[in-house]
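> Structure in structure tokens, see below.
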Amino acid sequence: MKYLCPKCKTNTKFYQLKDRRIKCSKCHIRISPNKKRFKIDTKISRLVVSEFALEHSTEVILSRVK
């Protein structure tokens, strides 16, 4: 997975630290990549994934999830 450094706004090399964070090789900031990418409730995201797993159309998923 490619990361973008929030401080220097580049995607240079990143090194993984022992505590599972990553470190930018350019500005040396430590980033925790385990943060949520989307601000969606866990229940809603699980529902969407289960609907896609059942191969429903996007219209059906939108109507069920709202």
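> Here's a check for you: in segment 27-48, which residue that is surrounded by 11 or more Cβ atoms within 10 Å (Cβ to Cβ) and either in contact with a helix residue (DSSP H, G or I) (Cβ under 7 Å, 6 or more places away or on another chain) or of a type in the set (Val, Ile, Thr) (or both) is modelled with the lowest pLDDT?
Ile40
> Follow-up. Restricting attention to segment 50-66, which residues are open to solvent by 100 Å² or more (accessible area, probe 1.4 Å), assigned to a helix (DSSP H, G or I) and modelled with pLDDT of 85 or more? Spell out the reasoning first.
Start the filter on segment 50-66 by keeping residues that are open to solvent by 100 Å² or more (accessible area, probe 1.4 Å), which leaves 52, 54-55, 59, 62, 64, 66.
Now drop any that are not assigned to a helix (DSSP H, G or I), which leaves 52, 59, 62, 64.
Within segment 50-66, Phe52, Glu59 qualify.
> While we're on this one: Please find, within segment 1-26, the residue that is most open to solvent (accessible area, probe 1.4 Å) out of those that are hydroxyl-bearing (Ser, Thr, Tyr) and modelled with pLDDT of 80 or more.
Taking the candidates together, the pick is Tyr15.
The values are calculated or read from the model by the stated rules, or taken from the named source; none is laboratory data. All of these numbers come straight from a predicted model, not from anything done at the bench. Glycine gets a Cβ as well: all are built from the backbone with ideal geometry, and neighbour counts include every protein chain shown. Surface accessibility is based on the protein's heavy atoms, side chains included, excluding ligands, DNA and RNA. Shrake-Rupley method; radii C 1.70, N 1.55, O 1.52, S 1.80 Å.
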